[in-house]
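The next block holds one structure in the form of structure tokens; read it before the comments.
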Amino acid sequence: MAGTDQEAVAADDDALYVLTAALLTPAKFPSVLGDDYPEACAALGLPPVADGYGLVLGQDGEGARWTVVVDDVSLVAVAIASWDCGMEHDLSPDERTVVAALPGWPLAVAVAAPNVPAPHDPSPDVAEMPPLTPPDAEVWGPAQRRLGADEIASQWATWREQVDDSAFPTPDSAASDAGEGGETEGTATGGHSGIRRVLAEARAYVDSPPPLGRVRSSFAPGGARTLRADGPGWSLVARTDDIAFVLLDDEPGEVLPVGRGPELPGLLKALDEMAVRPL
């Protein structure tokens, strides 16, 4: 998401040069901030209001990084949609919509405003809290796991073509495995215990809804939906008409495919029916 270099909103009485923006709503929020919407809001010290927020990332006249939180979600959504289509759009929220001006950026931003000093954190005498920082790309943890799931969701076709469906157990072999070791699901990982745990916890969401935003549903081609579910130590990405991928905190960098099997379609359907969807 690339923004403009227009002066837009105020941060501590200094004009902000907008670089990019993101939504913080129950259906769509920067996953680096948390497994669900309330957790993502808490990471920024914000109450989880129903309508959500827009996050505007930019630099002030001294080059300092600021994240300006606004309650005009529609304005930010229109700007993001325009930029995603390659169109110019001046994002200039009214100062009356500003909820907070937070030092730093919670997301990695690859661009910088022209004609101002290089991006840097505001000085402590200006910022009222430690600056926000993006997650370290060199380590593996919950934020990196969720970013990995984001990548799979956005590049589904690339990841899907790497999976050989012949690696999934047949219904007969899956039934045999279940008889020997309990519940199973068609996977390419030999009845991986981590996958069994994730599927069990995802099933529990259907009966006992988790915090808002733990399960989200978005558009996918062909009338399908892209499902995203997160939980303690895990992320799941799936297409309702296809397979799923699981990422785990305790398996750094591993992407575990889960075949359709006899149970996954019903689970995905149930999750989709309870998921939060973009308006």
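Derivation of every value follows stated rules applied to the coordinates shown; laboratory data play no part. Note that this is a predicted model, so its numbers are computed, not measured. Note: ideal-geometry Cβ built from the backbone for every residue, glycine included; neighbour counts use all protein chains shown.
Its Cα centre serving as origin, the chain has a Cβ charge dipole (Lys and Arg +1, Asp and Glu -1) of approximately 800 debye.
With the simple spin-label model, which puts each label point 7 Å out from Cα in the Cβ direction, the residue 90 to residue 123 separation comes to 3.2 nm.
So for segment 44-136, what percent of the C-alpha to C-alpha distances run longer than 23 Å? Write down the numbers at each step before the final one.
Details: 1137 of 4278 pairs.
Distances greater than 23 Å cover 27 percent of the Cα pairs.
What FRET efficiency do you get for residue 137 and residue 160 if R0 is 25 Å and r is their Cβ-Cβ distance, rounded to the nearest 0.05? Mind showing how you got there, number by number?
Working: r = 24 Å, r/R0 = 0.97.
E between residue 137 and residue 160, to the nearest 0.05, is 0.55.
Placing unit charges on each Cβ (+1 for Lys and Arg, -1 for Asp and Glu) gives the chain a dipole about its Cα centre, and among 92, 132, 215 the Cα reaching farthest toward its positive end belongs to 215. Here's the picture: charge each Lys and Arg Cβ at +1 and each Asp and Glu Cβ at -1 in the chain, and of 192, 63, 31 the one pushed furthest to the positive end of that dipole is 192.
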